[in-house]
Amino acid sequence: MRKLGVLFLIVLIVPFVYGQTSSGYVGGAIPFVSSLSVTWSASAPTALSGVTAAHYTQGYIDISNTILTASLVANDTCTISARIGAWTVPSGYPSSGDKADGSPDSDLKLRITGITGADDMSIENSFDSFQYLTTSDQVCLSANNASGVTSTSFAADTEVDLAWGVDLAGTYQVQITLTAAQVP
């Protein structure tokens, strides 16, 4: 009887010794993630200080390498867009001037140059030549690599329109914003 009791006790303990297993999941949707690192030219904020009569006569001043390098990594196909903020103009600037009214002819143009490590990156909307920026995002680059962007960089130049009798002496400033966005 004692042997039967010990055997019965062992049979009861065995399920608890081996226990049960349980599993779960780790997951969820990974969102679009990108990193856009921009090195701006140190001389760009003061570039208009070099304006001469020749610049007014030709109607613009080129500011080479406004963006020295912009590096992009992303986990999906994406675009880079550019836009400007409102111009800061000197007192007395005419309200009819393009820097004052936020018109599509914003007096600021951007050109993309020097793409390296392309990752299927291409220039869009003719931004391989100077194009006016507006206060709305304008796609200037697209990366069409289905596995994302691993290491791409580019540079950009700007051009500021000048007009006798409109662009008065004084301080001018406008902000340029670059945005990386997922392609739907």
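Rounded to the nearest 10 degrees, the inclination of helix 2-18 to the longest alpha-carbon principal axis of the chain is 10 degrees. Magnitude of the charge dipole for the chain, about its Cα centre and with charges confined to Cβ atoms of Lys, Arg (+1) and Asp, Glu (-1), is about 1440 debye. Less than 15 Å from a label point 7 Å out along the Cα-to-Cβ axis of Thr179: which backbone N atoms in segment 24-39 qualify, by residue? The answer is 34, 36. Farthest towards the positive end of the charge dipole of segment 106-147, among the residues Ser147, Leu110, Ser122, is the Cα of Leu110, using unit charges on the Cβ of Lys, Arg, Asp and Glu. A Gaussian network model of the chain, with springs between Cα atoms under 10 Å, assigns the largest mean-square fluctuation among Ser106, Ser22, Ser136 to Ser22.
Toward the positive end of the charge dipole of the chain, about the Cα centre and with charges on Cβ (Lys, Arg +1; Asp, Glu -1), which of Pro94, Thr135, Ala47 goes farthest? The listed residue farthest towards the positive side: Thr135.
Taken about its Cα centre, segment 19-128 carries a charge dipole of roughly 260 debye when the Cβ of each Lys and Arg holds +1 and the Cβ of each Asp and Glu holds -1. At q = 0.09, 0.10, 0.11 Å⁻¹ the log10 of I(q)/I(0) for the chain amounts to -0.45, -0.51, -0.59, computed by Debye summation with a single uniform scatterer per C-alpha, solvent ignored. Based on the Kirkwood approach, the hydrodynamic radius assigned to segment 31-103 is 15.6 Å, with every pair of different Cα atoms included.
A full extension of the chain between Ser49 and Thr21 corresponds to an added length of 2.7 nm, given 0.36 nm per residue minus the alpha carbon distance.
Here, each number is a calculation from the coordinates, and none is a lab measurement. Nothing here was measured: the structure is a model prediction, and the numbers come from that model. Please note: Cβ atoms are built from the backbone with ideal geometry, for glycine as well, and neighbour counts cover all protein chains shown.
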